[in-house]
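The values are calculated or read from the model by the stated rules, or taken from the named source; none is laboratory data. A quick note: this is a predicted structure, and the numbers were derived from the prediction, not measured. Note that each Cβ is placed from the backbone with ideal geometry, even for glycine, and that neighbours are counted across all protein chains shown.
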Amino acid sequence: MIEAKQLSKKFGRFQAVKNASFTINKGDIVGFLGPNGAGKTTTLRMLTGYLPPTSGTAVIAGHDVLKDPMGARKCLGYLPEHVPLYDEQRVTEYLKFRARLKGIPSKEIWNNVARVLEICDLEPVRRKMIRTLSKGYRQRVGLADALLGKPDILILDEPTNGLDPNQIRQMRERIKALTVDHTIILSTHILSEVEMMCNKVVIIDQGVIKAADTPENLTSNLRAAGKIAIEFKGDLDKVVEQFNELEHVKKVIHDSTTEDGWHFLTIRAEAGTDTRERLIEILTGLNCKVRHIHRHIPTLEEVFVEMTRKD
Ligand SMILES: Nc1ncnc2c1ncn2[C@@H]1O[C@H](COP(=O)(O)OP(=O)(O)OP(=O)(O)O)[C@@H](O)[C@H]1O
Ligand SMILES: [Mg+2]
């Protein structure tokens, strides 16, 4: 549905995006992640055809965004990072104007506007001047604009940026409702948002795509995925010795022992393996008492930090 092939963008000598390639399938909900200045907005603008790449191509629903920009734009709705609204227009006037610009036939304009006003809960402010709207409402007008013409694909650049917690929640619910019949790329800094909504994650850092995968694959491949914590009482030396002999175990670390004899161990195993059952077998075999065993489940935040940290 969306294919980026070796997309690059240079601003003067500065290379903002380097050979970005990824594929997004119909129905995917993609979280586009990266630190400030990583190149998210630049990539999204190239995908929408608003910014010509220095090299590479982007194809949206079969339309090359450079060769057939109108064809591509008909299939996508774009909510830019800074929504360029006309302050001196009323909400409905603005949306009608945008619908005309998008080439929606006159007799369908009103239906389209009414539909997006409803989806975005803009009925209460439809007659207000845009300049009088709060940030949350402006963002909703931007989303309403993106939804005009019922595009299959939505590209949303930080849709919840600058909103208060209640507005963030509402915007998230609204986007969630749209996931049913759209393919969505969503850039955000809120990782829990991605964990809740997205089936795919693309991570970009310093203009380079670092990963494009499902959240599950990303977290289970993380080094921290093989970490297990155990608290037990018994023969520490024997336990450590036998743990060390287990398949997939890379390191056994003795963290501490309490005065009353509870040993705290951290076991580092290969990412994606689960050795808990074997560990317990050994502990019971050595007549140990166990009061805690926990396999660390990495979060998307840990994946993000590991892939984008500078040291
Ligand atoms: N028109 C431009 N001219 C020159 N440099 C630019 C231009 N647009 C973006 N850049 C630079 O390209 C880099 C990537 O910017 P971009 O806006 O794509 O980052 P981003 O990942 O969207 O960041 P943020 O999370 O802050 O929105 C930054 O260093 C930015 O300063
Ligand atoms: Mg940006």
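Does segment 15-31 contain any residue that is among the aromatic types (F, W, Y) and within 12 Å of ligand 1 (Cβ to nearest atom)?
Of all residues in segment 15-31, those among the aromatic types (F, W, Y) come to 22.
From what is left, the residues that are within 12 Å of ligand 1 (Cβ to nearest atom) are none.
There is no residue in segment 15-31 that is among the aromatic types (F, W, Y) and within 12 Å of ligand 1 (Cβ to nearest atom).
Just for strands (runs of 3 or more DSSP E) wholly inside segment 1-103: which have at least 2 residues that are more than 16 Å from ligand 2 (Cβ to nearest atom)?
On the way: elements: 2-11, 14-24, 29-33, 55-60, 76-79.
Here the list reads 2-11, 14-24, 55-60, 76-79.
Say whether the condition of being within 16 Å of ligand 1 (Cβ to nearest atom) and among the aromatic types (F, W, Y) is met by at least one residue in segment 95-102.
Start the filter on segment 95-102 by keeping residues that are within 16 Å of ligand 1 (Cβ to nearest atom), which leaves none.
Checked against the condition, which is being within 16 Å of ligand 1 (Cβ to nearest atom) and among the aromatic types (F, W, Y), segment 95-102 yields no hits at all.
It is to be established whether one or more residues within segment 176-185 are assigned by TED's automatic domain parsing to the domain that holds G71, over 15 Å from the mean Cα position of the chain (by Cα) and under 20 Å from T92 (Cβ atoms). Walk me through how you get there before you give the answer.
Step one: of segment 176-185, the residues assigned by TED's automatic domain parsing to the domain that holds G71 are 176-185.
Then drop every residue that is not over 15 Å from the mean Cα position of the chain (by Cα), which leaves 177-178, 180-182.
Now narrow it down to the ones that are under 20 Å from T92 (Cβ atoms): none.
No; the residues of segment 176-185 include none that is assigned by TED's automatic domain parsing to the domain that holds G71, over 15 Å from the mean Cα position of the chain (by Cα) and under 20 Å from T92 (Cβ atoms).
I want to confirm something. Restricting to segment 64-93 and keeping residues that are more than 30 Å from the chain's Cα centre (by Cα) and not basic (K, R), which single residue is nearest to Y50 (Cα to Cα)? Explain how you work it out, then say what you get.
Pass one, segment 64-93, residues more than 30 Å from the chain's Cα centre (by Cα): 87-90, 92-93.
The next check asks that each one be not basic (K, R); those that pass are 87-89, 92-93.
Numbers: D87: 22, E88: 24, Q89: 24, T92: 25, E93: 24 Å.
Restricting to residues being more than 30 Å from the chain's Cα centre (by Cα) and not basic (K, R), the top hit is D87.
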